[in-house]
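Below you'll find the structure, written out as structure tokens, and then a few comments.
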Amino acid sequence: MTNTNPKMGTKAVWAGEKDYLVHGATQVPVVLSVAYGYDDMDEWYDVAIGKKKGHIYGRNTNPTVQAFEDKIKILEGAEAATSFSTGMAAISNTLSTFLVPGDRIVSIKDTYGGTNKIFTEFLPRQEIEVALCETGNHDQIEREVAKGCKILYLETPTNPTVKITDIELMAKAGRAAGALVVVDNTFATPMNQNPLSLGADLVIHSATKFLGGHADALGGVVCGSKELVEKIYHFREINGATMDPMAAYLILRGMKTLHLRVRQQCENAMTLAKYLQTKEIVEAVYYPGLETHPHHDVAKKQMKNFGGMLSFAVKGGVDTVRDLLPKLQYANRAANLGAVETTVGPARTTSHVECTPEERAAMGIPEGLIRISCGIEEIEDIIADFEQAFNHVESILKVN
């Protein structure tokens, strides 16, 4: 009997690849050709206008890239997907597709720093009204949406304070107001959360992060209905933020282990979060898997697991961060996340480097906040590493 509904881990390995295998290969090839030739002029025309399947030019489509798009659309339960050169390209192209001067967008204050800059700097000068609400204040979001908006844009969990928004509740509010509901699902991944099944219209990923998982390829993707994705694709094919075929291959390869990586990263994050709660120098730990998290119940309702991202704030602010992070042996101090290696960094040099200290403070991001992207290492080694780093900082504080 044929299994027509495999589990997510099996889909991550097999989905979307069969149609792109050639010459008996078991792996999707990297197709680097910019152009695709046709002897039959009528066939060429039919492909060019989309009447027949095929490719004509690399800025538009590419077989390797399309294999990646097919895999992620299956994992997200979408009709279609289109990809981009980066995650920010996915976000900016999606917003630019649907917003025109005079429109209004509602979102939350805790979005990724680059997204926040679009809301606070770029959209207003295009005469697009932006209303930013307190993350988790669903009543406030509903009131702003009810005033009318073209797009309701959510990010959950947020970067870097991992706050949670109730997607199902907000999607109902958005649709009642006739708004498109867009959700950035980068932190959760399709292994832990599927916004489309909760009522969202579009789901966005920075494929650079957990999807690729190895910090070696840039990419972004948007999934949703065929009608909406075709509009975004048209904007992207003209404006040119195309995913590179080699990046598509690397992300495809990374996605084959997505379920294994994310499972381990979630386990590591939960264990590390509980450990950090025991440290006197730690002022606060932000992880939706903790019962102390203000949005734990919502996360438990809409997520299969709580993700590999957490953050914590330390006493002493930036000075403590300067002393603590360089002592870590098994953590990259870098502006990235979702990789197999644990990665750490303060928001002031990672997620919100574009923002001023005052802007970060307004978003509830302390200067002493450290973001952690848990890797797949043995968690005992990671905790021991943090323990020796904390011991180093505490020895400095005693001397001073």
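The values are calculated or read from the model by the stated rules, or taken from the named source; none is laboratory data. None of these values were measured; they are calculated from a predicted model. Note that each Cβ is placed from the backbone with ideal geometry, even for glycine, and that neighbours are counted across all protein chains shown. Only protein heavy atoms, including side chains, enter the accessible area calculation; ligands, DNA and RNA are left aside. Shrake-Rupley method; radii C 1.70, N 1.55, O 1.52, S 1.80 Å.
Here are a few things to note about the model shown:
- Unit charges at the beta carbon, dipole of segment 315-375: most positive-side option, Val340, His352, Gly364: Val340
- Sulfur and carbon atoms: percent of accessible area, the chain [1.4 Å]: 52
- Along the chain, longest interval not containing exposed chymotrypsin sites (Phe, Trp or Tyr not before Pro), exposed being DSSP loop plus at most 16 other Cβ atoms within 10 Å: 39-329
- Rolling a 1.4 Å probe over the protein heavy atoms gives segment 315-365 an accessible area of 45 Å² per residue.
- Using a Gaussian network model of the chain in which every pair of alpha carbons under 10 angstrom is joined by a spring, one finds that among Asp42, Asp139, Asp244 the greatest mean-square fluctuation is at Asp42.
- Part-to-part distance (alpha-carbon centres) for segment 36-93 and segment 332-382, which is given in Å: 34
- Ala362-Arg263 pseudo-label distance in nm [points 7 Å out on the Cα-to-Cβ vector]: 4.5
- DSSP bridge pairs, the chain: antiparallel proportion in percent, nearest 5: 60
- At R0 = 56 Å, FRET efficiency that the Cβ-Cβ distance of Met41 and Gln388 yields, to 0.05: 0.20
- Counting only aspartates and glutamates at least 8 places from Lys7 when in the same chain, those with an alpha carbon closer than 15 Å to its own are Glu76.
- Where only C-alpha atoms are counted, convex hull volume of segment 1-130 per residue in Å³: 191
- Database remark: amide H of Leu180 closer than 5 angstrom to the amide H of Ile151, Leu152 (H placed geometrically; neighbours at sequence offset of 5 or more, or on other chains; Pro and chain starts carry no H).
- Checking every one of the trypsin sites (Lys or Arg not before Pro) in segment 286-363 against DSSP loop status and a limit of 12 other Cβ atoms within 10 Å picks out no site at all.
- Taking the empirical scaling 2.2 N^0.38 Å for compact globular proteins as reference, the chain has a Cα radius of gyration ratio of 1.01.
- Working from Cα pairs under 8 Å separated by at least six residues, relative contact order for segment 1-124 is 21 percent.
- Each of His234, His23, His352, His138 has its accessible area taken with a 1.4 Å probe; listed largest first, they run His23, His234, His138, His352.
- Working note: Karplus 6.51/-1.76/1.60 with θ = phi - 60° gives segment 363-370 the couplings 8, x, 10, x, 5, x, 7, 10 Hz, where Gly and Pro are set to x.
- Dipole magnitude of the chain, debye to nearest 20 (Cβ charges: Lys/Arg +1, Asp/Glu -1, about Cα centre): 320
- R0 of 22 Å, Cβ-Cβ distance Lys147-Glu121: FRET efficiency to nearest 0.05: 0.45
- Measuring against 22 Å, Cα to Cα, the residue pairs Lys71/Lys304; Lys163/Lys301; Lys11/Lys231; Lys73/Lys109 contain Lys11/Lys231; Lys73/Lys109 as the ones spanning a longer distance.
- Taking every DSSP helix (H) stretch of at least 4 residues in the chain, weighting each as -39,500 (n - 2.57) and dividing the sum by the residue count yields a mean residue ellipticity at 222 nm of -11500 deg cm²/dmol.
- Whole-Å distance, taken between Cα centres, linking segment 267-296 and segment 3-33: 38
- Gained length - His138 relative to Met246, 0.36 nm times residue gap less alpha-carbon distance: 34.8 nm
- Shape annotation for segment 139-198: C-alpha extents along the principal axes are 32, 23, 16 Å, from largest to smallest.
- Amide H to amide H distances under 5 Å link Ser206 with Thr186, where only residues 5 or more positions off or on other chains count and H is placed in the peptide plane.
- Placing R0 at 25 angstrom, the Cβ-Cβ distance between Lys315 and Asp381 gives a FRET efficiency of 0.50 after rounding to 0.05.
- Excluding ligands, DNA and RNA, the accessible surface per residue across segment 166-226 is 26 Å² with a 1.4 Å probe.
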